[in-house]
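Presented below is the structure to which this report refers.
The values are calculated or read from the model by the stated rules, or taken from the named source; none is laboratory data. Note that the structure is a prediction, hence the values are computed from the model and not measured. Every residue, glycine among them, receives a Cβ derived from its backbone with ideal geometry; neighbour counts consider all protein chains shown.
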Amino acid sequence: MYGSPNRYRRARLRLTWYVPHVSLAPTDQRAAPPAWLVWTALIIVYVVWGSTYLAIRHVVESMPPFLAAGVRFAVAGAIMAVVLVLRSGPSRMRVTWQQLRGAAVVGALLLFIGNGFVSMGETTVPSGLAALIVGIVPVIVLVLRRATGERISAVGMGGVVLGFIGLGVLVVPRGLSGQTDLLGMLMILFASTSWASGSFMSRRLHLPTDSLVSTAYQLLCGGGMLIAAGLIDGEWSQVQGATFTDSSIISLLYLITFGSLLGYTAYTWLLQNAPIARVATYAYVNPVVAVALGFLIDKDAVDPLMLIGAAMIVASVAFIVATESRGHAT
């Protein structure tokens with residue numbers, strides 16, 4: 001009357017074949033990359049991006065912030081796209097609309113808002129202080145991870161807290177006071193929140209499977225948005241080639257080649273191949289690099305409090321890295 005058990009078993013097998021399992025959790029079955037490759041990419045982001053704060057500061061001394069940032073990313077994206085096409089043919093840049101939309105979202109959060117508002121903020125905020133504010137990124141990432149139900153170890157949370165305290169120690173000798181432009185600092189804080197959100201979401205969006213293609217589209221989309229924002233904001237009237245300083249021009253070229261082509265490519269690769277908490281540790285190391293470069297290039301004073309803060313930051317990175325498993329998908 002009800003049919004044989006084998007009949008229902010066959011029906012269930014057919015249903016399983018046609019209706020795949022759906023999970024809201026991100027899935028990534030790719031083999032974990034070798035440790036040396038992950039650390040190479042991390043060191044690039046640690047050092048190169050630590051230097052970009054000083055470079056951005058020199059760029060915005062004589063160039064409009066949104067347009068300069070837009071040119072930086074658009075040129076870098078165009079160079080990468082041309083190289084990929086020349087090496088592999090136009091088919092390599094072929095993506096679906098869903099993948100293009102995902103790249104545009106990441107480009108908007110990381111580049112348009114994340115970097116664009118840092119550039120705007122650095123017109124009034126010193127580069128070292130800007131790097132310190134961006135140090136809030138790992139804390140925001142932690143909040144997002146907890147909000148999505150992920151369990152965070154006490155040691156990992158302790159590492160985040162220790163790094164944040166270290167950043168506070170670094171702020172004191174940098175002279176954080178009411179004399180620093182509040183709006184500029186709020187812009188950088190807003191940029192940091194956007195950057196953390198984009199980094200967290202990058203593994204939850206449909207992006208081009210080829211990391212280099214994904215990076216190229218993110219650079220092009222983010223750069224295009226920044227150029228549009230600059231034109232809408234009336235920055236074109238500030239474009240006076242004769243007033244561009246040599247320092248601004250050299251810094252912009254550095255940001256295109258090292259900051260974007262090298263640094264951003266390494267970062268987007270890390271987002272897809274390493275735990276987000278480990279990737280986010282760059283925000284603790286970058287201020288140390290920024291302060292060191294400020295001392296070497298701009299002759300900023302370095303006192304014992306700075307050294308203590310830097311030591312706490314390095315210790316926090318060690319805590320976080322030690323508690324994050326390689327295959328942790330976040």
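Couple of notes before you dig in:
- None of 101, 72 is more than 30 Å from residue 299 (Cβ to Cβ), at pLDDT 95 or above and among the basic types (Lys, Arg) except 101.
- Residue within segment 110-124 that is touching an Asp or Glu at 6+ places or on another chain (Cβ under 8 Å) and surrounded by fewer than 18 Cβ atoms within 10 Å (Cβ to Cβ) present: yes
- Some residue of segment 186-203 being more than 26 Å from residue 320 (Cα to Cα) and more than 17 Å from the chain's Cα centre (by Cα): yes
- Residue match in segment 222-238 (condition: touching a helix residue (DSSP H, G or I) at 6+ places or on another chain (Cβ under 9 Å), polar (S, T, N, Q) and part of a helix (DSSP H, G or I)): yes
- Residue 32 part of a loop (DSSP other than H, G, I, E, B) and modelled with pLDDT under 95: yes
- Only one of the numbered conditions (1) over 19 Å from residue 188 (Cα atoms); (2) in contact (Cβ under 8 Å) with a residue 60 or more places away in the chain is violated by residue 94, and that is (2).
- Test for residue 164: is it in contact (Cβ under 8 Å) with a residue 12 or more places away in the chain and within 15 Å of the chain's Cα centre (by Cα): no
- Residue, farthest from residue 114 (Cα to Cα), within segment 219-243, restricted to residues that are modelled with pLDDT under 95 and of a type in the set (A, V, I, L, M, F, W, C): 242
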